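The values are calculated or read from the model by the stated rules, or taken from the named source; none is laboratory data. Just so you know, these numbers come straight off a predicted model, no measurement behind them. Cβ sites come from the backbone with ideal geometry, for glycine too, and all protein chains shown count toward neighbours. Heads up: the accessible areas ignore ligands, DNA and RNA and are worked out on the full protein's heavy atoms, side chains in. Shrake-Rupley method; radii C 1.70, N 1.55, O 1.52, S 1.80 Å.
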Amino acid sequence: MNGGGLLRGFGWGVWGGDGLVGGRDSGGMCRSIKTLRPPAIPEKATEEEIRAAALQYVRKVSGFRVPAAHNQEVFAAAVDAVAEATRELLEGIHVRGAGAAVTG
């Protein structure tokens, strides 16, 4: 896992509490995580969308919107792990009637 991936992927603004994730207002820690597969979205989920969802999940589960300095490494590693699990899930999902795997 890349413990610093989150910091490089979104920049310090996400950690700084400006409420922006991927250029959009995150609406705070309780923002709903959107469905990341067609037909809910028109195309394959982007890396940015996957990481934003992972970040929101880790924030919600940990109860911290911004990790303290001594927790940043474990927080970032958790986001990396959730993002990887999300990628694997989206790549393996089969939707009835779709005839083929819907990849995320």
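Scanning segment 27-82 for residues that are of a type in the set (Gly, Ala, Ser), more than 18 Å from Ile93 (Cα to Cα) and touching a Gly at 6+ places or on another chain (Cβ under 9 Å) turns up Gly27, Gly28, Ala52, Ala76, Ala77.
Take the residues of segment 34-76 that are among the β-branched types (Val, Ile, Thr), assigned to a loop (DSSP other than H, G, I, E, B) and closer than 30 Å to Arg96 by Cβ: which is modelled with the highest pLDDT? Quick ask: steps written out before the conclusion?
Narrowing segment 34-76 to residues among the β-branched types (Val, Ile, Thr): 35, 41, 46, 50, 58, 61, 66, 74.
Those still in the list that are assigned to a loop (DSSP other than H, G, I, E, B) too: 35, 41, 46, 66.
This time we only want the ones that are closer than 30 Å to Arg96 by Cβ, so: 35, 41, 46.
Details: Thr35: 90, Ile41: 86, Thr46: 94.
Top of the filtered list is Thr46.
Answer yes or no: is there a residue in segment 83-91 that is open to solvent by 40 Å² or more (accessible area, probe 1.4 Å), at pLDDT 90 or above and touching a strand residue (DSSP E or B) at 6+ places or on another chain (Cβ under 8 Å).
Filtering segment 83-91 down to residues open to solvent by 40 Å² or more (accessible area, probe 1.4 Å) leaves 84-85, 87-89, 91.
Of the ones still in play, those that are also at pLDDT 90 or above are 84-85, 87-89, 91.
When the remaining residues are screened for being touching a strand residue (DSSP E or B) at 6+ places or on another chain (Cβ under 8 Å), the result is 91.
Yes, the conditions are met somewhere in segment 83-91.
Counting only residues that are touching a residue at least 40 places away in the same chain (Cβ under 8 Å) and either surrounded by fewer than 16 Cβ atoms within 10 Å (Cβ to Cβ) or over 20 Å from Ala85 (Cβ atoms) (or both), segment 48-73 holds 4 of them.
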